[in-house]
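*Asks:* Would you mind keeping the following structure in view while I ask a few things?
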Amino acid sequence: CDSECTSKTASFLRGIFSEMHGGDCTDASVFCGACQERAHGYFDVSGNELPCCVDTVVQNGIQAYEYIIENYGDEIDQFAESLKNHEAMTEDGLTEAEEILDNLKAEFDCVSDVYEENKPDCTVNA
């Protein structure tokens with residue numbers, strides 16, 4: 001609280017979501033495309049940046065994702081492969097599951113792209 005992280009985070013979220021809302025960005029769950037471009041637009045304005053306290057949360061999320069892939073990636077792949085061979089899984093169900101996974105990966109890549117291009121330099125405050 002002493003670092004005013006709560007107010008910095010609230011101000012950041014209010015600003016970026018206000019910028020993203022409108023145009024063709026009507027559903028933030030579909031980030032790639034219009035919402036991604038509008039998020040980039042938010043960061044293009046001087047002074048708009050991700051607060052370092054939020055960056056810490058983002059970094060922890062990235063580390064958690066990398067940990068899961070590193071430690072459980074093989075099991076996840078084996079599970080996905082077993083679904084393909086499961087008799088209760090219909091062809092349509094398998095196709096839909098693959099589309100969901102592909103979409104999830106694409107959305108993650110779009111969010112990552114905005115983050116990587118606008119990552120704050122938090123070493124100044126360290």
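*Asks:* List the pair-distance distribution P(r) of the chain, using every Cα-Cα distance, as the percent of pairs falling in each 5 Å bin from 0 up to the bin containing the longest distance, rounded to whole percents.
*Replies:* 2, 9, 14, 18, 16, 13, 10, 8, 5, 3, 1, 0
*Asks:* Further, regarding this structure: Would you compute, from DSSP H runs of 4+ residues alone, the mean residue ellipticity of the chain at 222 nm, taking -39500 (n - 2.57) per run and dividing by the full residue count, rounded to the nearest 500?
*Replies:* About -24500 deg cm²/dmol.
*Asks:* If you line up the long axis of helix 34-44 against the longest principal axis of the chain, both from Cα atoms, how many degrees apart are they, to the nearest 10?
*Replies:* Approximately 30 degrees, to the nearest ten.
*Asks:* Roughly how tilted is helix 91-117, in degrees to the nearest 10 and between 0 and 90, from the longest Cα axis of the chain?
*Replies:* Once rounded, one gets 20 degrees.
*Asks:* How tilted is helix 52-85 with respect to the longest principal axis of the chain? Cα atoms for both, answer in degrees (0 to 90, nearest 10).
*Replies:* Its long axis makes an angle of about 10 degrees.
*Asks:* Summing Lys, Arg as +1 and Asp, Glu as -1, what charge do residues with Cβ under 14 Å from the Cβ of Gly23 carry, Gly23 excluded?
*Replies:* With Lys, Arg at +1 and Asp, Glu at -1, the net is -3.
*Asks:* What accessible area per residue, rounded to a whole number of Å², is obtained for the chain using a probe radius of 1.4 Å?
*Replies:* With the other protein chains kept in place, the chain gives 73 Å² per residue.
*Asks:* I've got another one for you. Could you look at the range 12-121 and say what percent of its accessible area is carbon and sulfur, using a 1.4 Å probe and all protein chains?
*Replies:* On the range 12-121, the fraction of accessible area on carbon and sulfur atoms equals 53 percent.
*Asks:* Summing +1 for each Lys or Arg and -1 for each Asp or Glu, what net charge is found among the other residues whose Cβ lies under 11 Å from the Cβ of Ala34?
*Replies:* Local charge sum for Ala34: -2.
*Asks:* Assigning unit charges at the beta carbon (Lys, Arg +1; Asp, Glu -1) and nothing else, what dipole magnitude in debye, to the nearest 20, does the chain show about its Cα centre?
*Replies:* Here the size comes out at about 720 debye.
*Asks:* Let me ask something additional. Determine the gain in length on full extension of the stretch Asn60-Glu117; use 0.36 nm per residue of separation and subtract their C-alpha separation, reporting nm with one decimal.
*Replies:* Fully extending the segment from Asn60 to Glu117 adds 18.7 nm.
The values are calculated or read from the model by the stated rules, or taken from the named source; none is laboratory data. Predicted model, so just to flag it, every value in this text is computed and none were measured. All Cβ positions, glycine included, derive from the backbone under ideal geometry; neighbour counts span all protein chains shown. Remember, those area values only see protein heavy atoms, side chains included, never the ligands or the DNA or RNA. Shrake-Rupley method; radii C 1.70, N 1.55, O 1.52, S 1.80 Å.
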